[in-house]
Amino acid sequence: MNQKDIAAIRKHFKLNAEAVKIADIYNIYIRQDSNEIFHEELRSFPFVEQEHQELFLANFKKVLGGKIDEKLFEVKFQHPEPGQIDHTQTLLYEALRTDEIEEWAGMMQRIALKMVQEAPFEKDMVVTFIRFKYNKPTRRHSEETEIDMRDEVWTSRFILCSINQTELPKQSLVFDYIEREFKSNIFINPVIKLDAPIGGFMFPCFTDNAADVNHILYAAQKAHQPDFGFIENVLNGTEIVTAVEEKAMFEEVVKTVIGEEVNVGTLATVYDEINQMILAEAEREDEDESVPMIDARTVEIVLKASGVEDVTTEKVEQAFQQVVDDRQYEMKASSVVPKYTSKSIKINTKVANISISPQDLKYVRQVNVKGKRCLLIELEEDTEIEGFKLISEELLD
């Protein structure tokens, strides 16, 4: 899946949407003190009160919020072990196929019980499951409505899960107008924090208008902090790599090839060369919205174009083998190239931490002035500090 596909589903989580039709909703309340299902409620979503529908729809948008490989991860399922009856892929696949609402809910309950068995919850939890149809127009005839009768539409079923904590409202002091006295306002009903889900998933993934039942889209609570235990033991998924980890891999591969020390000009050229290749590839493959990738061959070409000496195919492949244990490994450009991701490059020193855009890295140099290492930044305008313009000083070696 790509970011555009996910955003398209998110925007249709609204009342009376034509593209996303939610059939059923199944809520499970789990008590923290017992780690057992305390209450469950299975309903047809169209018959849920409108105010509740709006709260849940906002919650589902939150689950699918964030960027791929930062908060959202496409996870591949492990192969089920012999005799394994509660493999999550099997449960979800069978749940999509059944038309019996009770049978669907039973399979969702078994997944929820796996969450309980994985780790005790610190607070009472509410796990919500929905199943919905997504109608994606593949060729539009009218932009006036979401879906026109003449549109060519791809339709598939999906299951989405949202995991939410509860909390008790804080005790407060209120004024009673009738009794004309101050009283303590004590709430006993827990509040379900639908505005801040701590995790969830959507099944199946889809690519090029085809459902991919071998992958599940996992949603983490915080960026770059996936719950690996949940992925492995609840979702029965394989290991994933975050964007931060992949960026670190890229940097380590380059260090292994060219060494620990590099001048800023070379580094700036590396980023610029990769970015140009990515943009060119993206223009060629815009129709299928493919994700640009960086492999050993890409790194070799870029390093040679950046003026790095003694770069060979064998050297780069050995670096990939040493760092990621796979000579054929491919990295997402969105993870490793700052310019492509619109991220800043961090320059960290003991005196100051500086963020600079990759395209401006060429204006930065580390130089020696009077025997001291200094960071030199070429400027085209005056520098201001707290409203004062700095005076230019001539420094001589």
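The values are calculated or read from the model by the stated rules, or taken from the named source; none is laboratory data. Remember, predicted model here, so these are calculated numbers, not experimental data. Counting neighbours? That spans all protein chains shown, and the Cβs are built from the backbone with ideal geometry, glycine included. Please note that ligands, DNA and RNA were not included when accessible areas were found on the heavy atoms of the full protein model with its side chains. Shrake-Rupley method; radii C 1.70, N 1.55, O 1.52, S 1.80 Å.
Here are a few things to note about the model shown:
- Cross-linked pairs 193/247; 76/193; 4/247: Cα-Cα separations exceed 24 Å for 193/247; 76/193.
- Amide proton proximity set for residue 207, modelled H, under 5 Å, gap of 5+: 212
- Among 121, 13, 203, the residue with the largest mean-square fluctuation in a Gaussian network model of the chain, with springs joining Cα atoms closer than 10 Å, is 121.
- Anchor residue 346: aspartates and glutamates whose Cα lies under 13 Å away (excluding residues fewer than 8 positions away in-chain): 360
- For residue 237, the residues whose modelled amide H falls within less than 5 Å of its own, excluding neighbours fewer than 5 places apart on the same chain, are 78, 232.
- GNM remark for the chain: springs join alpha carbons under 10 Å apart, and the peak mean-square fluctuation among 236, 263, 275 falls on 263.
- Solvent-accessible area per residue in the chain equals 61 Å², computed with a 1.4 angstrom probe and all protein chains kept.
- On Cα atoms only, tilt of 101-118 relative to the major axis of the chain in degrees: 50
- Label assignment, semi-axes √(5λ) of the Cα gyration tensor in Å derived from the structure, set [x] 46, 30, 23; [y] 62, 24, 17; [z] 35, 31, 18: [x]
- Full extension of the chain between residue 373 and residue 175 yields a length gain of 64.7 nm, computed as 0.36 nm times the residue separation minus the alpha carbon distance.
- Of the listed residues 232, 309, the order by accessible area with a 1.4 Å probe, largest first, is 309, 232.
- FRET efficiency, 1/(1 + (r/R0)^6) with R0 30 Å, evaluated for residue 122 and residue 184 via beta carbons: 0.70
- A straight Cα-to-Cα reach below 14 Å connects residue 372 with the aspartates and glutamates 397, residues fewer than 8 places away in its own chain not being considered.
- Cα-based reach from residue 370 at 21 Å (exclusive), listing lysines while leaving out same-chain residues under 8 positions away: 350
- Point-to-point label distance, residue 47-residue 357, nm (Cα→Cβ direction, 7 Å offset): 5.6
- Globularity index of the range 181-237, i.e. its alpha-carbon radius of gyration over 2.2 N^0.38 Å: 1.82
- Surface share of carbon and sulfur [accessible, 1.4 angstrom probe, percent] for the chain: 48
- Extension reserve of the residue 15-residue 67 stretch, reckoned as 0.36 nm per residue once the Cα distance is removed: 16.3 nm
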